[in-house]
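Here's the structure, in structure tokens; my notes come after.
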Amino acid sequence: MSYLRQIIAGLTTACAVAVAAAATAATPVVDAVRIEISSAVPDFLQIFDVQALELGSLDNVASAAEGASASAVSSGFGTSAGDAIDASVFSPYYSGSGDGLEKLTIQLGRIATLSSLSIRGRTDCCRARDFWNVSIFGAGDTLLFSGQLDARQAPGSVASVDFPAPPGGVPEPATWAMMILGFGAAGAAIRTRRRQPAAA
Ligand SMILES: [Ca+2]
């Protein structure tokens, strides 16, 4: 086999493994612009903090510090929607009503492909309320994700969902490891070939 063919074989193996590693049950959330959260109980909507991590940078694009903004149908207990995106677990957002019609809307700080979404509920009381409907939208109100997060029994009242990287997107650490192994195999094949005596 020629050097070039050995290299191509190594890369092909690496790429095939990389694609297999990225293919999981969940759907990639690409170019998200907005998150909507409501109570799944239904009851008062109470959220201590929302985190939406961007794939690659792992910036929390649902935080005010990253330019996000939040609005809600109503607020109670002297809190505001902004308390859900201030990255503080000491300042919760509470809805003003427990009718289940409350909705918290978060405009992300920038259009982002997401790695994960986490919601932290209450740990001090009322954990039966820590169950949420979540929808994530892209441009033009395209629905990218719809599901429920349940933190009622979760440590720290935190519930999360992880999103896989899109095909051809930013490789995840496990994918990088597989690719490096593939490159290493190609390199080893070349070195082995070079150690062999040259043909007369
Ligand atoms: Ca907060």
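The values are calculated or read from the model by the stated rules, or taken from the named source; none is laboratory data. All values reported here derive from a predicted model rather than from experimental measurement. What goes into the accessible areas is simple: the full protein's heavy atoms, side chains included, and nothing from ligands, DNA or RNA. Shrake-Rupley method; radii C 1.70, N 1.55, O 1.52, S 1.80 Å.
Observations, loosely collected:
- Calculated P(r) of the range 114-160 - Cα pairs past 16 Å, %: 42
- In the assembled protein chains, E36 presents an accessible area of approximately 30 Å² (probe radius 1.4 Å).
- P(r) tail fraction, the range 76-131 - alpha-carbon pairs more than 16 Å apart, %: 52
- One decimal place: the segment A87-Q153 gains 21.6 nm when fully extended, by the rule 0.36 nm per residue minus the C-alpha distance.
- With every protein chain in place and a 1.4 angstrom probe, the accessible-area ranking of V30, V50, largest first, reads V30, V50.
- Rolling a 1.4 Å probe across the protein heavy atoms gives the range 17-123 an accessible surface of 42 Å² per residue.
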